[in-house]
Amino acid sequence: MLAYLAAAGAAAPILGGCGSRSASAGTDERTIRLISSQVKVYEEPVGIAGRLLSEKGWKLQPTFVNDINQPNIAVANGEADANCFQHMAYLAQFNRDKGLDLVPLFYIRNSPAVLYSRRHAALADLPDGATISIPVDPANNGRALFMLRAHGLLELTDGVTVVNASQQDITANPRNLVFVEVDQLSLSQTLADVDAGFMFQSTAIDAGIDKEATVVAEEQEADEVPYRSVFAGTREFAASEGARELRAAVQSPEVREFFAGYQDGFFQLPWDEDPLPAFEQLS
């Protein structure tokens with residue numbers, strides 16, 4: 001996702017002066033135009049990939065933004081060839097909402113979620129009527145609910161998937177939990193105000209929350225798959241040499257080394273898996 005971004009603030013300019021040439025044109029010129037989140041977990045791999053691509057006669061032209069709407073629109077409009085800022089569930093939802101047909105090109109990392117608490121040592125300690133902060137965006141809303149269901153605190157509509165679940169799917173709430181929907185960028189700041197709160201674990205580590213709060217629930221591995229972070233592009237670009245070269249540069253030993261040293265090697269790198277089958281189940 002957006003691993004770290006959701007409903008971010010003011011949009012940064014997108015590829016000013018690039019016009020609306022097709023994505024394939026950038027590839028023909030051995031230039032790959034990329035839009036990336038302006039966070040270290042993307043910026044560093046992009047920088048490494050750029051250096052590796054240049055050694056092979058390619059030019060990676062990145063634009064870094066703090067926005068979650070422009071990157072997909074820019075790729076769909078041919079202003080960029082690819083982007084890296086989101087997870088698969090968000091991409092699938094954005095496609096549906098905007099009538100687009102973008103696809104994941106390859107995974108970059110996983111993005112597990114947890115429930116943290118500064119007030120309680122375990123979910124069993126939550127009082128009746130406890131407040132729980134959860135993401136406001138639909139693509140992540142169900143992740144917190146699924147964690148609570150796994151621990152017997154909620155019942156949800158039969159057959160609902162993690163990427164589609166919302167408060168409307170709660171069929172039983174015996175502890176009378178109260179949910180506070182919060183923009184993802186504010187989840188870390190609001191944790192002190194609730195009994196427990198949803199958090200991307202990597203975000204919590206960056207903010208030092210892992211040293212101040214307790215993990216009271218972890219996401220099941222199967223529920224995490226739709227939320228793996230991906231590079232995305234058009235189907236045309238996905239079949240191009242540029243996409244293959246970009247993947248090779250991002251999924252390189254040099255980038256693996258970066259992740260090994262980042263947050264004590266916290267992230268898993270599912271690089272040997274093709275994201276498209278899992279993505280098609282979401283679409």
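Things to note:
- Of all residues in region 73-82, none are over 30 Å from ALA130 (Cα atoms) and either hydroxyl-bearing (Ser, Thr, Tyr) or at pLDDT below 95 (or both).
- Among the candidates ALA89, ALA124, ALA80, ALA49, residue that is open to solvent by less than 10 Å² (accessible area, probe 1.4 Å) and more than 26 Å from GLN268 (Cβ to Cβ): ALA80
- Look at region 164-185: where a residue is in contact (Cβ under 8 Å) with a residue 12 or more places away in the chain and in a loop (DSSP other than H, G, I, E, B) and a partner is open to solvent by less than 40 Å² (accessible area, probe 1.4 Å) and of a type in the set (Val, Ile, Thr), sitting 6+ places away or on another chain with Cβ atoms under 8 Å, you get LEU177/THR131; LEU177/ILE132.
- Odd one out for GLN189 among (1) at pLDDT 90 or above; (2) surrounded by fewer than 16 Cβ atoms within 10 Å (Cβ to Cβ): (1)
- Within region 169-216, being of a type in the set (Phe, Trp, Tyr) and under 18 Å from HIS87 (Cβ atoms) holds for PHE198, PHE200.
- Criterion: loosely packed, with under 15 Cβ neighbours inside 10 Å, modelled with pLDDT of 95 or more and of a type in the set (D, E, K, R) - qualifying residue of GLU257, GLU221: GLU257
- Which numbered condition ARG149 misses (of (1) open to solvent by less than 50 Å² (accessible area, probe 1.4 Å); (2) closer than 27 Å to GLU212 by Cβ; (3) touching a strand residue (DSSP E or B) at 6+ places or on another chain (Cβ under 8 Å); (4) not in a strand (DSSP E or B)): (1)
- Test: residue in region 234-254 that is farther than 30 Å from ASN77 by Cα and touching a Pro at 6+ places or on another chain (Cβ under 8 Å): no
- VAL194 vs. criteria in contact with a Ser or Thr (Cβ under 8 Å, 6 or more places away or on another chain), of a type in the set (A, V, I, L, M) and open to solvent by 20 Å² or more (accessible area, probe 1.4 Å): no
- Residue in region 102-118 that is surrounded by fewer than 24 Cβ atoms within 10 Å (Cβ to Cβ), closer than 23 Å to ALA82 by Cβ, at pLDDT 95 or above and β-branched (Val, Ile, Thr) present: yes
- Qualifying residue in region 155-178 (condition: more than 16 Å from GLU219 (Cα to Cα), of a type in the set (Lys, Arg) and at pLDDT 95 or above): yes
- Some residue of region 201-222 being assigned to a helix (DSSP H, G or I), in contact with a His (Cβ under 6 Å, 6 or more places away or on another chain) and in contact (Cβ under 8 Å) with a residue 60 or more places away in the chain: no
- Odd one out for ALA139 among (1) surrounded by fewer than 24 Cβ atoms within 10 Å (Cβ to Cβ); (2) farther than 26 Å from LEU246 by Cα; (3) of a type outside the set (Phe, Trp, Tyr); (4) under 14 Å from the mean Cα position of the chain (by Cα): (1)
The values are calculated or read from the model by the stated rules, or taken from the named source; none is laboratory data. Please read these numbers as outputs of a predicted model, since none were measured by experiment. For neighbour counting, all protein chains shown are included, and Cβ atoms are generated from backbone atoms with ideal geometry for every residue, glycine included. All accessible areas refer to the heavy atoms of the entire protein, side chains included, with ligands and DNA or RNA removed. Shrake-Rupley method; radii C 1.70, N 1.55, O 1.52, S 1.80 Å.
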